[in-house]
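Engineer: Please see the structure below; I have some questions.
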Amino acid sequence: MNFPKRLLVFTLIAVLASILAAGGCVGQKEGGGEAGDISTVPGGTSPGNSKLVKSVVSSEYSGPEAPPAAGESSGKSKTEGPQASRTHLGVPAAEARTQPRGGKVAYLTFDDGPNSQYTEKILDILRRKKVKASFVVVGKNVKLNPSIFQRILADGHAVVNHTYSHDYSVIYRSPEAFLSDLGEANKVITQYTGKPVMLFRAPGGPDKLGPEFTAKLRSHGYISVGWNISAVDTDPRGVTQADVYNNIVSGLERVERLKLSPIILMHDGTQLATTDARPGSPLAIYIQNREATLAALPAVIDHFRSKGYTFAVVDESTPPAW
(Lines give C-alpha, C1' and ligand atoms only; values in the text may rest on other atoms or scores of the structure.)
Protein backbone atom coordinates (compact mmCIF):
# COMPACT_ATOMS: atom_id res chain seq x y z
CA MET A 1 0.00 0.00 0.00
CA ASN A 2 1.52 3.35 -1.05
CA PHE A 3 1.86 6.26 1.37
CA PRO A 4 -1.24 8.32 0.33
CA LYS A 5 -3.52 5.31 0.70
CA ARG A 6 -1.99 4.42 4.03
CA LEU A 7 -2.55 7.99 5.25
CA LEU A 8 -6.20 7.88 4.12
CA VAL A 9 -6.83 4.64 6.03
CA PHE A 10 -5.24 5.97 9.23
CA THR A 11 -7.29 9.16 8.93
CA LEU A 12 -10.57 7.21 8.59
CA ILE A 13 -9.69 5.03 11.59
CA ALA A 14 -8.98 8.13 13.70
CA VAL A 15 -12.30 9.77 12.73
CA LEU A 16 -14.24 6.58 13.51
CA ALA A 17 -12.57 6.25 16.92
CA SER A 18 -13.43 9.86 17.72
CA ILE A 19 -17.11 9.34 16.86
CA LEU A 20 -17.35 6.20 18.99
CA ALA A 21 -15.69 7.90 21.94
CA ALA A 22 -18.08 10.87 21.78
CA GLY A 23 -21.11 8.60 21.58
CA GLY A 24 -19.92 6.64 24.60
CA CYS A 25 -19.60 9.81 26.70
CA VAL A 26 -23.09 10.97 25.85
CA GLY A 27 -24.56 7.62 26.73
CA GLN A 28 -22.72 7.52 30.03
CA LYS A 29 -23.82 10.99 31.08
CA GLU A 30 -27.53 10.39 30.37
CA GLY A 31 -27.64 6.93 31.87
CA GLY A 32 -25.33 7.23 34.86
CA GLY A 33 -24.49 10.86 35.54
CA GLU A 34 -23.66 12.17 39.01
CA ALA A 35 -26.29 13.68 41.29
CA GLY A 36 -25.10 17.14 40.34
CA ASP A 37 -26.21 16.56 36.77
CA ILE A 38 -29.91 16.50 37.77
CA SER A 39 -30.03 18.95 40.63
CA THR A 40 -31.74 21.69 38.62
CA VAL A 41 -34.48 19.46 37.25
CA PRO A 42 -37.63 19.08 39.41
CA GLY A 43 -38.49 15.55 40.38
CA GLY A 44 -34.91 14.29 40.20
CA THR A 45 -35.13 13.40 36.52
CA SER A 46 -32.20 13.73 34.16
CA PRO A 47 -31.96 16.80 31.90
CA GLY A 48 -32.59 14.55 28.92
CA ASN A 49 -36.07 13.91 30.28
CA SER A 50 -36.99 17.52 31.13
CA LYS A 51 -39.95 17.56 28.73
CA LEU A 52 -41.46 14.62 30.62
CA VAL A 53 -40.91 16.37 33.94
CA LYS A 54 -42.81 19.45 32.78
CA SER A 55 -45.82 17.32 31.85
CA VAL A 56 -46.09 15.36 35.10
CA VAL A 57 -44.52 17.45 37.87
CA SER A 58 -45.28 20.90 39.23
CA SER A 59 -44.54 22.60 42.52
CA GLU A 60 -48.18 23.63 42.80
CA TYR A 61 -51.21 23.61 40.61
CA SER A 62 -51.15 26.67 38.45
CA GLY A 63 -54.85 27.12 39.06
CA PRO A 64 -57.90 26.66 36.91
CA GLU A 65 -58.08 28.48 33.64
CA ALA A 66 -61.21 30.16 32.41
CA PRO A 67 -63.46 27.57 30.77
CA PRO A 68 -63.03 27.59 27.00
CA ALA A 69 -65.82 29.22 25.07
CA ALA A 70 -68.18 27.00 23.13
CA GLY A 71 -66.44 25.52 20.14
CA GLU A 72 -62.97 26.52 21.34
CA SER A 73 -60.26 24.21 22.56
CA SER A 74 -58.80 24.50 26.04
CA GLY A 75 -55.48 25.56 24.55
CA LYS A 76 -53.77 22.41 25.82
CA SER A 77 -51.58 20.43 23.48
CA LYS A 78 -52.72 16.94 22.57
CA THR A 79 -49.38 15.69 23.83
CA GLU A 80 -50.12 16.71 27.43
CA GLY A 81 -51.89 13.49 28.32
CA PRO A 82 -54.95 13.53 30.62
CA GLN A 83 -55.33 17.32 30.57
CA ALA A 84 -55.80 17.31 26.81
CA SER A 85 -58.94 15.20 27.12
CA ARG A 86 -60.42 16.98 30.13
CA THR A 87 -62.94 18.98 28.13
CA HIS A 88 -64.20 15.72 26.66
CA LEU A 89 -64.01 13.37 29.62
CA GLY A 90 -64.46 16.00 32.29
CA VAL A 91 -63.00 14.15 35.25
CA PRO A 92 -59.37 15.15 35.78
CA ALA A 93 -57.33 11.99 35.43
CA ALA A 94 -55.38 11.59 38.66
CA GLU A 95 -54.55 15.28 39.10
CA ALA A 96 -53.01 14.55 42.49
CA ARG A 97 -50.23 12.62 40.80
CA THR A 98 -48.83 15.85 39.41
CA GLN A 99 -47.83 16.80 42.95
CA PRO A 100 -44.17 16.19 43.84
CA ARG A 101 -43.99 13.16 46.07
CA GLY A 102 -42.76 13.89 49.55
CA GLY A 103 -44.23 17.41 49.61
CA LYS A 104 -46.94 18.67 51.94
CA VAL A 105 -50.24 18.25 50.10
CA ALA A 106 -53.73 19.18 51.30
CA TYR A 107 -57.05 18.18 49.76
CA LEU A 108 -60.03 20.54 49.85
CA THR A 109 -63.37 18.79 49.35
CA PHE A 110 -66.84 20.34 49.04
CA ASP A 111 -69.92 18.19 49.62
CA ASP A 112 -73.56 18.05 48.51
CA GLY A 113 -73.63 20.35 45.46
CA PRO A 114 -73.68 21.64 42.92
CA ASN A 115 -76.17 24.38 43.68
CA SER A 116 -77.05 27.69 42.08
CA GLN A 117 -76.49 29.70 45.26
CA TYR A 118 -72.93 28.93 46.45
CA THR A 119 -71.01 26.53 44.22
CA GLU A 120 -69.98 29.13 41.67
CA LYS A 121 -68.89 31.53 44.41
CA ILE A 122 -66.57 28.81 45.71
CA LEU A 123 -65.31 28.20 42.17
CA ASP A 124 -64.57 31.93 41.85
CA ILE A 125 -62.48 31.88 45.03
CA LEU A 126 -60.59 28.77 43.92
CA ARG A 127 -59.85 30.35 40.55
CA ARG A 128 -58.66 33.56 42.14
CA LYS A 129 -56.46 31.63 44.59
CA LYS A 130 -55.21 29.25 41.89
CA VAL A 131 -56.31 26.14 43.77
CA LYS A 132 -57.76 22.84 42.56
CA ALA A 133 -60.28 21.04 44.75
CA SER A 134 -62.66 18.09 44.72
CA PHE A 135 -66.45 18.43 44.54
CA VAL A 136 -68.38 15.60 46.16
CA VAL A 137 -71.53 15.83 44.09
CA VAL A 138 -75.09 14.58 44.54
CA GLY A 139 -76.61 13.21 41.34
CA LYS A 140 -79.95 15.00 41.65
CA ASN A 141 -78.14 18.32 42.08
CA VAL A 142 -75.96 17.67 39.04
CA LYS A 143 -79.20 17.09 37.12
CA LEU A 144 -80.58 20.42 38.37
CA ASN A 145 -77.39 22.39 37.66
CA PRO A 146 -75.67 20.93 34.60
CA SER A 147 -73.91 24.16 33.60
CA ILE A 148 -72.36 24.56 37.06
CA PHE A 149 -71.23 20.93 37.02
CA GLN A 150 -69.65 21.53 33.61
CA ARG A 151 -67.81 24.53 35.02
CA ILE A 152 -66.43 22.37 37.85
CA LEU A 153 -65.00 20.07 35.20
CA ALA A 154 -63.83 22.82 32.87
CA ASP A 155 -62.00 24.56 35.72
CA GLY A 156 -60.04 21.36 36.26
CA HIS A 157 -61.47 20.21 39.58
CA ALA A 158 -62.20 16.59 40.46
CA VAL A 159 -65.61 15.10 41.18
CA VAL A 160 -66.55 12.41 43.67
CA ASN A 161 -69.82 10.44 43.67
CA HIS A 162 -71.98 11.27 46.71
CA THR A 163 -74.97 9.13 45.61
CA TYR A 164 -77.95 10.32 43.60
CA SER A 165 -80.48 10.95 46.37
CA HIS A 166 -78.41 11.56 49.52
CA ASP A 167 -81.43 10.03 51.27
CA TYR A 168 -80.35 7.91 54.23
CA SER A 169 -83.65 6.02 54.27
CA VAL A 170 -83.00 4.91 50.70
CA ILE A 171 -79.27 4.31 50.47
CA TYR A 172 -78.76 2.55 53.81
CA ARG A 173 -81.57 0.02 53.35
CA SER A 174 -79.07 -2.48 51.98
CA PRO A 175 -75.70 -2.69 50.19
CA GLU A 176 -77.58 -3.23 46.94
CA ALA A 177 -79.62 -0.05 47.52
CA PHE A 178 -76.47 1.99 48.13
CA LEU A 179 -74.81 0.56 45.04
CA SER A 180 -77.90 1.30 42.96
CA ASP A 181 -77.99 4.92 44.14
CA LEU A 182 -74.32 5.40 43.20
CA GLY A 183 -75.18 3.94 39.80
CA GLU A 184 -78.03 6.41 39.35
CA ALA A 185 -75.67 9.27 40.12
CA ASN A 186 -73.18 7.95 37.59
CA LYS A 187 -75.86 7.87 34.91
CA VAL A 188 -76.11 11.66 35.27
CA ILE A 189 -72.39 12.28 35.78
CA THR A 190 -71.34 10.17 32.80
CA GLN A 191 -73.32 12.41 30.44
CA TYR A 192 -70.63 15.05 31.07
CA THR A 193 -67.55 13.00 31.92
CA GLY A 194 -67.78 10.15 29.43
CA LYS A 195 -66.98 7.64 32.17
CA PRO A 196 -68.33 6.74 35.62
CA VAL A 197 -66.76 8.22 38.74
CA MET A 198 -65.57 5.39 40.97
CA LEU A 199 -64.44 7.57 43.87
CA PHE A 200 -67.31 7.98 46.32
CA ARG A 201 -68.03 9.44 49.72
CA ALA A 202 -70.78 7.95 51.83
CA PRO A 203 -73.33 10.50 53.08
CA GLY A 204 -72.70 10.81 56.80
CA GLY A 205 -69.19 9.43 56.38
CA PRO A 206 -67.48 6.05 55.92
CA ASP A 207 -68.40 5.01 59.48
CA LYS A 208 -71.97 4.53 58.30
CA LEU A 209 -70.83 1.73 55.99
CA GLY A 210 -70.85 -1.67 57.62
CA PRO A 211 -68.68 -4.57 56.43
CA GLU A 212 -71.33 -5.82 54.00
CA PHE A 213 -71.63 -2.39 52.37
CA THR A 214 -67.86 -2.01 52.15
CA ALA A 215 -67.38 -5.45 50.60
CA LYS A 216 -70.15 -4.91 48.04
CA LEU A 217 -68.82 -1.51 46.95
CA ARG A 218 -65.23 -2.71 46.71
CA SER A 219 -66.30 -5.68 44.62
CA HIS A 220 -67.76 -3.21 42.11
CA GLY A 221 -64.61 -1.09 41.98
CA TYR A 222 -65.71 1.82 44.17
CA ILE A 223 -63.08 3.61 46.30
CA SER A 224 -64.12 5.44 49.46
CA VAL A 225 -62.92 8.99 50.16
CA GLY A 226 -63.06 10.06 53.79
CA TRP A 227 -61.83 13.16 55.60
CA ASN A 228 -59.81 13.97 58.70
CA ILE A 229 -60.51 17.69 59.11
CA SER A 230 -64.02 19.11 59.26
CA ALA A 231 -65.16 22.69 58.99
CA VAL A 232 -68.21 21.60 61.03
CA ASP A 233 -70.16 23.85 58.70
CA THR A 234 -73.38 21.85 59.02
CA ASP A 235 -73.80 22.56 62.74
CA PRO A 236 -77.57 23.02 63.28
CA ARG A 237 -76.80 25.73 65.85
CA GLY A 238 -75.03 27.75 63.18
CA VAL A 239 -71.39 28.67 62.65
CA THR A 240 -69.53 31.88 61.89
CA GLN A 241 -66.61 32.61 59.58
CA ALA A 242 -64.30 32.45 62.62
CA ASP A 243 -65.78 29.09 63.67
CA VAL A 244 -65.10 27.53 60.27
CA TYR A 245 -61.57 28.89 60.15
CA ASN A 246 -60.74 27.82 63.71
CA ASN A 247 -62.26 24.35 63.24
CA ILE A 248 -60.02 23.75 60.23
CA VAL A 249 -56.87 25.23 61.82
CA SER A 250 -57.28 23.11 64.97
CA GLY A 251 -58.04 20.09 62.81
CA LEU A 252 -54.83 20.62 60.88
CA GLU A 253 -52.83 20.76 64.10
CA ARG A 254 -54.25 17.37 65.12
CA VAL A 255 -53.64 15.83 61.69
CA GLU A 256 -50.06 17.05 61.65
CA ARG A 257 -49.41 15.48 65.05
CA LEU A 258 -50.67 12.20 63.60
CA LYS A 259 -48.57 12.70 60.45
CA LEU A 260 -51.55 12.36 58.12
CA SER A 261 -52.33 14.12 54.85
CA PRO A 262 -55.05 16.71 55.50
CA ILE A 263 -58.34 16.01 53.72
CA ILE A 264 -60.72 18.85 54.55
CA LEU A 265 -64.50 18.48 54.59
CA MET A 266 -66.46 21.60 53.69
CA HIS A 267 -69.87 22.06 52.09
CA ASP A 268 -71.05 24.05 49.13
CA GLY A 269 -74.41 22.49 49.98
CA THR A 270 -77.52 21.19 48.30
CA GLN A 271 -79.78 23.08 45.92
CA LEU A 272 -82.15 25.40 47.79
CA ALA A 273 -85.65 26.16 46.58
CA THR A 274 -85.40 29.61 48.15
CA THR A 275 -83.06 31.74 50.22
CA ASP A 276 -85.96 33.71 51.72
CA ALA A 277 -85.72 32.38 55.26
CA ARG A 278 -87.30 33.39 58.54
CA PRO A 279 -84.59 34.48 61.01
CA GLY A 280 -83.61 31.66 63.32
CA SER A 281 -85.24 29.00 61.16
CA PRO A 282 -83.34 25.86 60.10
CA LEU A 283 -83.10 27.29 56.58
CA ALA A 284 -81.69 30.58 57.88
CA ILE A 285 -79.06 28.69 59.87
CA TYR A 286 -78.23 26.54 56.85
CA ILE A 287 -77.70 29.68 54.77
CA GLN A 288 -75.62 31.24 57.55
CA ASN A 289 -73.37 28.16 57.50
CA ARG A 290 -72.88 28.34 53.75
CA GLU A 291 -71.99 32.02 53.96
CA ALA A 292 -69.53 31.28 56.77
CA THR A 293 -67.73 28.71 54.60
CA LEU A 294 -67.50 31.15 51.72
CA ALA A 295 -66.13 33.90 53.96
CA ALA A 296 -63.55 31.63 55.63
CA LEU A 297 -62.25 29.86 52.51
CA PRO A 298 -59.65 32.45 51.36
CA ALA A 299 -58.06 32.60 54.81
CA VAL A 300 -58.11 28.80 55.06
CA ILE A 301 -56.18 28.54 51.79
CA ASP A 302 -53.71 31.19 52.95
CA HIS A 303 -53.15 29.34 56.22
CA PHE A 304 -52.29 26.07 54.52
CA ARG A 305 -49.91 27.83 52.15
CA SER A 306 -48.22 29.58 55.07
CA LYS A 307 -47.57 26.11 56.49
CA GLY A 308 -45.93 24.98 53.25
CA TYR A 309 -48.83 23.06 51.72
CA THR A 310 -49.85 22.81 48.11
CA PHE A 311 -53.29 21.62 47.01
CA ALA A 312 -54.33 18.59 45.01
CA VAL A 313 -57.52 16.81 44.05
CA VAL A 314 -58.36 13.40 45.43
CA ASP A 315 -57.84 10.31 43.32
CA GLU A 316 -57.30 6.59 43.80
CA SER A 317 -53.74 7.23 45.03
CA THR A 318 -54.68 9.80 47.69
CA PRO A 319 -53.49 8.66 51.15
CA PRO A 320 -56.27 7.34 53.40
CA ALA A 321 -57.78 9.85 55.80
CA TRP A 322 -57.03 7.64 58.81
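The values are calculated or read from the model by the stated rules, or taken from the named source; none is laboratory data. Owing to the predicted nature of the structure, the values given are computational and were not obtained by experimental measurement. When we count neighbours, we look across all protein chains shown, and the Cβ atoms used for this are built from the backbone with ideal geometry, even at glycine.
Engineer: Collect the residues in segment 244-253 that are more than 20 Å from the chain's Cα centre (by Cα) and within 27 Å of TYR286 (Cβ to Cβ), keeping them in residue-number order.
Structural biologist: VAL244, TYR245, ASN246, ASN247, VAL249, SER250, GLY251
Engineer: Moving on. Scan segment 140-184 for residues that are under 20 Å from GLN271 (Cα atoms) and either free of Cβ contacts under 8 Å to residues at least 12 places away in the same chain or not small (Gly, Ala, Ser) (or both) and report the count.
Structural biologist: 30
Engineer: Name the residue, out of ALA242, ALA273, that is hydrophobic (A, V, I, L, M, F, W, C) and assigned to a helix (DSSP H, G or I).
Structural biologist: Exactly one of ALA242, ALA273 is hydrophobic (A, V, I, L, M, F, W, C) and assigned to a helix (DSSP H, G or I), namely ALA242.
Engineer: Output the number of the condition that SER180 fails; it satisfies all remaining conditions of (1) in a helix (DSSP H, G or I); (2) under 24 Å from ILE301 (Cα atoms); (3) not charged (D, E, K, R).
Structural biologist: All conditions are met except number (2).
Engineer: Contact list please: Cβ distance under 6 Å, first residue in segment 220-243 and in contact (Cβ under 8 Å) with a residue 40 or more places away in the chain, second residue of a type in the set (Lys, Arg) and assigned to a loop (DSSP other than H, G, I, E, B), pairs at least six apart or on different chains.
Structural biologist: Going by the 6 Å Cβ cut-off, the qualifying pairs are VAL225/ARG201.
Engineer: Right, here's the next one. Is it the case that LEU217 is buried (at least 19 other Cβ atoms within 10 Å of the Cβ) and either part of a strand (DSSP E or B) or touching a Phe, Trp or Tyr at 6+ places or on another chain (Cβ under 9 Å) (or both)? Talk me through it step by step, then tell me what you get.
Structural biologist: On the way: buried (at least 19 other Cβ atoms within 10 Å of the Cβ): yes; either part of a strand (DSSP E or B) or touching a Phe, Trp or Tyr at 6+ places or on another chain (Cβ under 9 Å) (or both): yes.
Against the criterion (buried (at least 19 other Cβ atoms within 10 Å of the Cβ) and either part of a strand (DSSP E or B) or touching a Phe, Trp or Tyr at 6+ places or on another chain (Cβ under 9 Å) (or both)), LEU217 qualifies.
Engineer: ASP233: surrounded by 18 or more Cβ atoms within 10 Å (Cβ to Cβ), modelled with pLDDT of 95 or more and in contact with a Phe, Trp or Tyr (Cβ under 7 Å, 6 or more places away or on another chain), yes or no?
Structural biologist: no
Engineer: Also, I was wondering about something else. For segment 269-284, check the following and say yes or no: at least one residue is touching a residue at least 40 places away in the same chain (Cβ under 8 Å), of a type outside the set (S, T, N, Q), under 23 Å from ASP235 (Cα atoms) and surrounded by 15 or more Cβ atoms within 10 Å (Cβ to Cβ).
Structural biologist: Within segment 269-284, one or more residues are touching a residue at least 40 places away in the same chain (Cβ under 8 Å), of a type outside the set (S, T, N, Q), under 23 Å from ASP235 (Cα atoms) and surrounded by 15 or more Cβ atoms within 10 Å (Cβ to Cβ).
Engineer: Moving on to the next point. Quick one: is THR293 part of a helix (DSSP H, G or I), touching a residue at least 60 places away in the same chain (Cβ under 8 Å), on the phi < 0 side of the Ramachandran plot and among the β-branched types (Val, Ile, Thr)?
Structural biologist: Yes.
Conditions tested, residue by residue: (1) small (Gly, Ala, Ser); (2) at pLDDT below 95; (3) under 18 Å from the mean Cα position of the chain (by Cα).
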position: SER116; (1), (2), (3): yes, no, no
position: LYS143; (1), (2), (3): no, no, no
position: PRO146; (1), (2), (3): no, no, no
position: VAL159; (1), (2), (3): no, no, yes
position: SER169; (1), (2), (3): yes, no, no
position: LYS187; (1), (2), (3): no, no, no
position: THR193; (1), (2), (3): no, no, yes
position: ARG201; (1), (2), (3): no, no, yes
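Engineer: May I pose another question? Let me confirm something: among LYS187, LYS195, which residue is assigned to a helix (DSSP H, G or I) and either farther than 15 Å from VAL136 by Cβ or without any contact (Cβ under 8 Å) to a residue 40 or more places away in the chain (or both)?
Structural biologist: Answer to the selection: LYS187.
Engineer: Another question, if that's okay. Which one is farthest from LYS140 (Cα to Cα) among residues in segment 245-268 that are hydrophobic (A, V, I, L, M, F, W, C), touching a residue at least 40 places away in the same chain (Cβ under 8 Å) and outside any helix (DSSP H, G or I)?
Structural biologist: LEU260
For every residue, the table says whether it meets (1) of a type in the set (Ser, Thr, Tyr); (2) at pLDDT below 50; (3) over 29 Å from PRO319 (Cβ atoms); (4) outside any helix (DSSP H, G or I).
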residue	(1), (2), (3), (4)
GLU72	no, yes, yes, yes
ALA84	no, yes, no, no
GLY103	no, no, no, yes
LYS140	no, no, yes, no
ILE152	no, no, no, no
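Engineer: If you don't mind, there's one more thing I want to ask. Is it true that some residue in segment 206-215 is small (Gly, Ala, Ser), closer than 22 Å to TRP322 by Cβ, out of contact with any helix residue (DSSP H, G or I) (no Cβ under 9 Å at 6 or more places or on another chain) and at pLDDT 95 or above?
Structural biologist: No: zero hits.
Engineer: Going through GLU212, GLU256 one at a time, which residue ends up being loosely packed, with under 15 Cβ neighbours inside 10 Å, more than 21 Å from PRO114 (Cα to Cα), among the acidic types (Asp, Glu) and under 25 Å from the mean Cα position of the chain (by Cα)?
Structural biologist: Testing whether each residue is loosely packed, with under 15 Cβ neighbours inside 10 Å, more than 21 Å from PRO114 (Cα to Cα), among the acidic types (Asp, Glu) and under 25 Å from the mean Cα position of the chain (by Cα) leaves just GLU256.
Engineer: In segment 172-185, what count of residues is obtained for those that are of a type in the set (A, V, I, L, M) and more than 23 Å from the chain's Cα centre (by Cα)? Can you show your working first?
Structural biologist: Pass one, segment 172-185, residues of a type in the set (A, V, I, L, M): 177, 179, 182, 185.
Pick out the ones that are also more than 23 Å from the chain's Cα centre (by Cα) and you get 177, 179.
Matching residues across segment 172-185 total 2.
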